[in-house]
Structure formats: structure tokens, C-alpha cells
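Just below is one structure, and these are the notes that go with it.
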Amino acid sequence: MSYIELKDITKSYHAGNNILEQINLTIEKGEFFVLVGPSGSGKSTLLRMIAGLEDITDGVLKMNEKVVNHLQPKDRNLSMVFQNYALYPHLSVEQNILFGLKAKKVSKAEQQKRLKETAEMMGLSELLDRKPRQLSGGQRQRVALARSVVSEAPLCLMDEPLSNLDAKLRAQMRVEIRRLQKQLGLTLIYVTHDQVEAMTMGDRIMVLNDGEIQQVGKPITLYNEPANLFVASFIGSPKMNMGKTEIKDVSNFLVNKTLSFSADVRMQKAFQVHKNIIAGIRPEHIQPAIHQEATHSLEVIHVEQLGNETSLALDVGGELWTAKWPGQWDITAGNQLEVYISTEHLSFFDAQTEALIRPASFSGHGEVQAI
Amino acid sequence: MRIPFGRKIVTYLLLIAAAFLVFTPTMMAVVMSFMTNQDIMTGSLPSAFSLDNYRRAFEQFPLLHYVINSFLVSIAIMIGQLILASLAAYAFVFLEFKGRDFLFYLFIATMMVPFEASIIPNFHTIRDLGWIDQYTGLTIPFFAMAFGTFLLRQNFKQIPKELREASQIAGMGDVKFYLKVVLPVAKTSLITLGVYGFLTSWNMYLWPLLATTNDNVRTVQIGLRQLQSQEQMNDWGVIMAGAVIVIIPTLILLFLGQKKLQRGLTEGALK
Amino acid sequence: MTNMTAVITQEDQALFVRTKRKQRYKQFIKGILFLLPSIALFSVFLFYPLLRTIYLSFFLTDASGATTVFVGWDNFVTLFQSTIFQQSIKSTFLFVLYTVPLTIVISLFLAIIANEKLKGIGFFRTIFSSTMGISVAAASVFWLYLFHPTIGFLNIIMDTFGLEKVGWLTDPSWALIAVAVTTIWMNIGFTFLILLGGLQSIDKYLYESADVDGAGYFYKLRRITIPMLSPTLFFVVTVTIINAFQTFGQVDILTQGGPQNATNLMVYSIYREAFTNYQFGSASAQAIILFIIILLMTIIQFKLGERKVHYQ
């Protein structure tokens, strides 16, 4: 059952200059939906339009089958967590949590009941008398979440809620927010610029760039079958290696004028249709030539030992490509390295339209393993 | 950084000399207020400590009455300014509506008009309203204050917009948000402005001189003028006692709030 | 995205437009209501009287302030021909010249020596800012004594050094200076406090980096302190000038405009013309001239200031 529907949603502050262009989207009840994109892509604006904090210039916004374009934020029955948490500095944790309930004139008994439950759930029971400035970043974050939880609104909006936390805490809070959402059955719309957050948390992700939807889908789909060059380079870290592709002869093509691959019939056809093609390969798909015979030899520019994996910077026709090998490898910069790259792992994009021509196929090298 | 010993000594000497020069007029007034008139007239050093001047200042003049008037007037102006300035500052920061920028420039324009340029019609207005010798006439003309509005606006702007948005989602209206969030959060600058308002109201001179014709609501500043001009026999001890009474409240307030006042005024003035 | 059912109907569209308009109207009313108390009082006690003053300046009035005869520019013409008014303008500008530079220089000096991190510096800062808490009336009374011809402290000092006693407030060549000295003393507190605030907001790293470069005390003062302080100095100069033009209380208590009108500064002149002589038309004309002078000062200050002042 679709819970939120956006139909041709458009936003502009000045006529003719659209921040968001004809956004069409449906979000299901109980879904964890992530809006991801670089800064300035319009993701926060979209979220604030759903919240009712920004006017909708054009299009229809429906919640529960009802048009809500004209409703005030308070009449949309939602809660919101802000990047800076928006805690009231002069109020205690308890007063902060109860702030919304008091404004909505919920009965005292109900307030106390909900407060108790929420505080326990969020581990804030000991901190209720403190003021925000006496709390750590993580605790503040929890209060902000608690305020959302206590409202019992079925829809929760979060605007970069983790970006003010350090890396360790962020990883921990990712899990907690995800768990909370499942536990309460919340519909959650989550805005972030961090693709790792998007990948690890979302049921579905929408990638936004320059006010336009790039792709909507499951995290793994976005990773494996990016709809265009933008999504391909935005999702995944380190990012996908890309190179200009040219036909060498009837059955071979060259990437970055260096890497030679044999072209199958489909590829040959593709080259007839698309003038300029860009090939992309994920860093983990430039593999050590151990189980397979080496296909290419590349110069190592730089080696990073991360302990659990080794990251290599390789020279491919004057450009730096990254390879990521699991485990520890004793490789010296400056040497030639034998690698195995399969045509199957290459994704192809049209250089003009930037759209995907053909995703990488994974026959015989199952990427998603079912247990 | 450590300051070299030689420079330390020089600085201390300069500080002491300067403090002496700056504080002499005040110090002399305080000392004189405890001296007998005879000592003063002969120009000798104080030979006896006496509270006689204060007793006479209070007995021969309605000094206490003036002091109470001044307190009432200053506190009324202070409260009036705080309310009006904070309301206006709230509108300039948190409300968006047509004509807001125009009104803002109008507020700036008011700072260009010296009070003296409008004092004659103001006097007539007060007179026609029957507000001469009334607290209303002494206070209400000073409630609206562009400087205070700017100072608070500067401070309100530091309040994250998200606080307002969070309260909007919670369903809280502007009046409640102003009362329950903005005023408590901006408490410090409200105090600063309050202190400033009290100081300037307490020290107001020209307007109370015009707006009072009898002792009814006359403030202590005008009382002091009265005391000084009526004192034909040059009773300097009594005059100084009156002057000391006048400056005590403001000096106390200034010493308590010096740091805050300094920060608050600089912020409001320079941004 | 298959079952996209949301279709915008005419009815919806009309509803959106209506609610949006209603909200905008509500916002407007709310904004006006928040500003209304201030606007109302400004209108009654500032804008109306300013216009009324301009109006009055073209009329003769009776003692109650009611207009009697329209005289056009006559009030202004008469004023500029009057030696008393010429004297008043001259005295006022001289007074500004006496007070403003000295107030700034003295306060700046005090602020600089009080900005050192020394033991007991708080005490000195309190002393230096103390005159801000002293009202015009009290300050004038203090100095009235100091200037007293026979028992006054200043003449006692003159006497001790074998100098001739000065009629500080009775000698036309000294009276304006005496009022100026009182004013400078009164201004020091506020000016000092603001300048000290300006000094304290200068980034300490600037000094540390200058120390590393081996810059001396006066070099740092000239190259860092004064330029960085310029916005504050600019503000203080403006305020002091405007205050000087508005001087009243000191004159009223110390000299009543005398001797021989030597201290008949503009505001005092307006006061006397309006409330002693009941010449409201002429007084209004003077008030308008004062208003224009202050307005010009402000504008010139801003124009000059924009170019010369170094903003951080």
C-alpha cells in the first residue's frame, strides 16, 4: 500500500529556475527510504516539502491517499529529526522530549507513560534532568530521536541526523536507527549525502542530482546496475573506475587506450549504436591473477595497507584506477602487477547521454550469495 | 605571553595615575558628602565623619520620593522597551511577510532622528493628553527603541531556524514559541538590554525636566538640579550627598553588569 | 511507480491557491501585530513630531504652541541673521571639536593600558568605565564644585602653584572649555567600555604571529591594533559626535548657556527658545537645522567610513 505519493513535484524560488524538477515517487508504509545526493542536489528541500516547511511550487503530494499540499506541518502527522538536533537549550531532556506532546495538549498521564517508555527504549532514563549542553553528541542525538519516537507519528523524516557524530558513533547509530524503525514499524524518509549510510540503511534509495531523480531502487540494484554514470560513481567506495572505450578491431576494444578486451557480438552491436562508450569497473573486480590467468599487467603507483584489505592505485593509460584486494598483499609501488579483469565485470555507459548501456554480469562469480 | 617586568611596572604606573585622574571627581564628591560644611568652606581636609548631610538631604528635600519616582519610571521604561523590542525583533527574524524589509528600513531610519528634533511637538502631545506630571508621560514615549530591536534581532538570529521548525511540526504557534523558547533562550541579551535601558532611563535629563512641573512624579535627576539651584547658601555637603544617592543605583548596576554590557553593546553596535 | 493515482484536480488547485493566500495573509497580520506597538509609538512620538517640527518651523506660534501666522522661510532667515544663533552654531562646532578627539584619544589610551593581562586589571577597568554610570546631573554637580571660583578644587590647585585663579564658568573664554572637560569626563566610561570590547575581540594569533616576527610594541599597536580596531573606532566616533551635538544637561546645570551665550549650545538654545521664550516656530527651525546637521554627519561618517575602515 503506497503511503506517500509525489506526483510531478517541482520547487523553484525564482520563476524558471527549478531546484527540483518533476519528482515522481511512491513510498510504501513501513519502508526505510533514503534520499541521497551531493550537497545542493535538492534532497533536503524535498524532505522539507514533505514536512510542510517549504511550499510546493507545483505537483501533488499525497499521504494516505489524501492530498496534503496545503496542510501545515502540524496537520501532517509526522515527526522530524534535524541535523543539528534542534534541541531547546533551556529545557531539560524530559521537557525536550515532552515538548511536542505539550504543544498538542496530550493528557499528563499519557505524557508520563510515553516518556517512560521512550526514555527506557532510548537509554535516556538517567539523563532526563540534564540540559542539552551537558550531553555528549551521541546522547543529544538520542534525545532528538526520542522526541520523534514519543510523538508516535507514523511518518518520521530525518535530515542528515548522523553527520555531526564521529565515525564510530555514526556506525553504531546507523544500526540503532534501523532497529528502531523496524521495531516501531515507522515509515522513515532519511536524507543523507553519505552513500555508505544510504547503502547500509535503506530499503530503497533514491539518488538525486541537480534536482532530478537519477535512480530509485534497492541498494544492491543501485550498486550492480547503476542507471547512469552519476549513480555509478556516486554509489560505492572507492568509486567505480571509468575509462573511455574505443574499438580496436572487429573483435577487440580498448579501455583508456591501454586495456584490451575481446568484444562479443552484443558489444560489437553496441559500438554501432553508441558513438562514445565509457566502461566502468568496480575496484574489487580488478583481481589478483591467482585463480585465473593474468589478463593485463599494470604499474602500481601506490599501496595502502588497511589490514583487512589492500588498496592499490594503478596506472591505466595515465589515469589512476583503484583496486581493492581482500587480505594483506606484499606489493611494492613502481612494480608491474599482473591482474585479472573479466569483461563480465565491465559496465558500459553512453558517454553522451551518460545512461547505462549494459550492466556488469556476474555469471559464475555470484556476487549476492543466498544462505 | 609573559609581559616583561619593566613594561609591567610602567603599565601599572600609568593605570594608577589614570585611575586617580578619572576617579577624582567622584571620590571628592563622596568624601565631601561625609564632611561638615565648615570643612568644605575652609577647604581643609575632613576633620570629622558625618552623616548629617544625608540626613538633611532627605529631610529638607523629598529626595526619597524622587528616588522612588526614578525607580518606577526606569523600571517601567525598561520593561516596556524589552517587550516592544523583543516583539519587533521576533517579527524581523522569525516571521516572513510582505513589507518586512520596508519596515526594517523604517526602524533604521528612526535612529537618524535625534530626540531633540521632535521634542517640541512631543511636549505638546503630552500636554494635550494630560500626561504632564504623570508617569505615562515620562515613560511611554521611550518604549519603542530601534537600538534595542537591533540588538535583540542580532541575538535572535543566532537561534537555529530548526528550533522554530521543530516547534512548527509539534504544532506550536508563534506567540507560544516567542514566550516559551525565544525569550528564555535569549535571556542574557534581554538582561543586557534591560540594564542598558535602566541606566539610560535613570540618567534621563531633558525630558523629565519638561514633563514634570511639580514633585509628584519628578525624577531624582531633576530633583538634584532643584536641590542644587535652591541651595542658596552653598551647602555643598548636602548637594553632594544628593548626587551620591543619584549615582549609587547605576554604579552598582554597572559594576555588576559591566562585562555583559560591554559585549552586548559592541555586538549590537557593530553588526 | 505503476499505480500513480495522484492527479491534480481543478478543485485541489483552487484549494491550494486559497490556503496559500490565507496563510500569507495570516503571516502578514501576525507580522504587523508583533510590530504594531513599536510602529504605533514611533509614529506618535517620532515620525509625527518630526513632520510637525518641520511644519512649525514655517509658522509663528502663540504661547500654547498653536500656529498663528505662516511666515515661510522667515524663521530660518531670521535665525541665520541673528548673532545669538550664529554664536550658538559656532559654540556647538567648537564644542564638538574640543570633545570628540580628546574623548577618543583618552579612552583609547585607557583601553589599551587596561587590555593588558595583569593582576587587578578588573579593578582598573571598573574605575575607567565608572563614569558611564554617572548621570549628567550628578556629573555636572561634581564639576560645578571642582570649577567653583573660591572653594573649587581646580582653583585651589591653581592657588597652590601660585597661578591666578580662573573663573572657569564665568569667564567667556573658559566656560566652553569647562563644559567640554566635564563632557569628556562623562563620555570616557562608555567610550572606554566599547573600545575595550573591540580590543578584546582582536584575534590573539595576530599578536603571536607578530611576536614570532619580532615586532615591537608600538609597531604592533600601529599595524595590528589600530587597523583591527577601526570598525569600533568608527562607531565610537560617530556616537560621540552625535552625542556632542545633543549636549544639554551639562549646560543647564553648569552655565545656563552663559556667560554671554558662550555655552549656548544648540539643544540648549532650542530649549530656551521653546520653553522660556515660547517661540516654538523659531525653536522648531533650530531643531530642523540640528536634525539636518546630525543627518549629514551620519551620512558623511558612513561614506568616509566605508572606504577607510578595515572590516574583518
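For the pairs A:62/A:108; B:161/C:30; B:259/C:119, flag any whose C-alpha to C-alpha distance is greater than 25 Å. Table pairs above 25 Å Cα-Cα are A:62/A:108.
With contacts defined as alpha carbon pairs under 8 Å and 6 or more residues apart, what's the relative contact order of region B:1-78 in percent?
Values: 29 pairs, mean separation 13.3, N = 78.
Reported relative contact order: 17 percent.
Computed over every Cα-Cα pair of region C:163-268 and binned at 10 Å starting from 0, the pair-distance distribution P(r) comes out as 13, 31, 22, 18, 12, 4 percent. Footprinting exposure proxy ranking of A:63, B:145, fewest other C-beta atoms within 10 angstrom first, gives A:63, B:145.
For region B:91-167 versus region C:173-225, the inter-centroid distance based on Cα atoms is 32 Å.
Kindly provide the trypsin sites (Lys or Arg not before Pro) of region B:169-237 that DSSP labels as loop, not H, G, I, E or B, and whose Cβ sees at most 13 other Cβ atoms within 10 Å. Don't jump to the answer; show the numbers that get you there.
Working: sites: B:176, B:180, B:187, B:218, B:225; in loops: B:218.
Loop-located and lightly packed - none at all.
Which percent of the Cα-Cα distances in region C:46-134 go past 20 Å?
64 percent
For the options B:148, B:171, B:194, a Gaussian network treatment of chain B with springs between C-alpha atoms closer than 10 Å singles out B:171 as fluctuating the most. Let me see the pair-distance distribution of region B:172-228: every alpha carbon pair, 5 Å bin width, integer percents in order. The distribution over region B:172-228 is 4, 16, 17, 13, 10, 9, 10, 11, 7, 3, 1, 0, given as percents. For chain B, the dipole from Cβ point charges (+1 on Lys and Arg, -1 on Asp and Glu) about the Cα centre works out to 1220 debye, to the nearest 20.
In terms of its C-alpha gyration tensor, chain B comes out oblate, because a/c is 1.5 or above while a/b does not outweigh b/c. Our coupling estimate for region C:108-116, obtained by passing each phi through the Karplus curve with A = 6.51, B = -1.76, C = 1.60 and θ = phi - 60°, is 5, 4, 4, 5, 5, 6, 8, 8, 6 Hz, Gly and Pro reported as x. Straight-line cross-link partners of residue A:116 among the aspartates and glutamates, defined as a Cα under 17 Å from its Cα and at least 8 positions apart when in the same chain: A:94, A:126, A:129, A:152.
Select from B:203, B:155, B:216 the residue whose mean-square fluctuation is largest in a Gaussian network model of chain B (Cα-Cα springs shorter than 10 Å). Residue with maximal mean-square fluctuation among B:203, B:155, B:216: B:216.
If you take the alpha carbon radius of gyration of chain A and divide it by 2.2 N^0.38 Å, what ratio comes out, to two decimals?
Numbers: Rg = 24.5 Å, N = 371, 2.2 N^0.38 = 20.8 Å.
Expressed relative to 2.2 N^0.38 Å, the Cα Rg reads 1.18.
A viscosity of 0.890 mPa s and a temperature of 25 °C, combined with the Kirkwood radius over Cα pairs in Stokes-Einstein, give a translational diffusion coefficient for region A:2-218 of 138 µm²/s.
Using a 10 Å cut-off on Cβ atoms, rank the peptides B:159-167, A:347-355 from the highest mean neighbour count down. Display every interim value, and only then the final one.
Working: B:159-167: 19.8, A:347-355: 16.8.
Taking the mean over residues of other Cβ atoms within 10 Å, the ranking is B:159-167, A:347-355.
Cα convex hull, region A:238-358: 101 Å³ per residue, rounded to a whole number. As an equivalent ellipsoid, the protein assembly as shown spans semi-axes of 73, 34, 27 angstrom, where each value is the square root of five times an eigenvalue of the C-alpha gyration tensor, largest first.
Express the Stokes-Einstein translational diffusion coefficient of chain C in µm² s⁻¹, to the nearest whole number, given a Kirkwood radius over alpha-carbon pairs, 10 °C and a viscosity of 1.306 mPa s.
Values: Rh = 24.0 Å.
Calculated translational D: 66 µm²/s.
Can you compute the charge dipole magnitude of region A:238-358 about its Cα centre, using +1 on each Lys and Arg Cβ and -1 on each Asp and Glu Cβ, nothing else charged? Give it in debye, rounded to the nearest 20.
Numbers: 10 positive and 15 negative charges, 103 e Å.
Around 500 debye, computed over region A:238-358.
Listed by chain and number, the aspartates and glutamates whose C-alpha is less than 20 Å from the C-alpha of residue A:248, apart from same-chain residues fewer than 8 away, are A:264, A:319, A:344, A:350.
Among the trypsin sites (Lys or Arg not before Pro) found in region A:262-371, those both in a DSSP coil and sparsely packed, with 13 or fewer other Cβ atoms within 10 Å of their Cβ, are A:275.
Kirkwood's formula applied to the C-alpha pairs of region A:50-106 gives a hydrodynamic radius of 13.4 angstrom. When chain A is treated as a GNM with alpha-carbon contacts under 10 Å, the residue of A:225, A:21, A:319 showing the greatest mean-square fluctuation is A:319. Here region C:83-308 is assigned +1 on the Cβ of each Lys and Arg and -1 on the Cβ of each Asp and Glu. Its dipole about the Cα centre then comes out at about 380 debye.
We did not get these values from a lab; they are worked out from the coordinates using the rules stated. These numbers come from a predicted model, not from an experiment. Backbone-built Cβ (ideal geometry, glycine too); neighbour counts: all protein chains shown.
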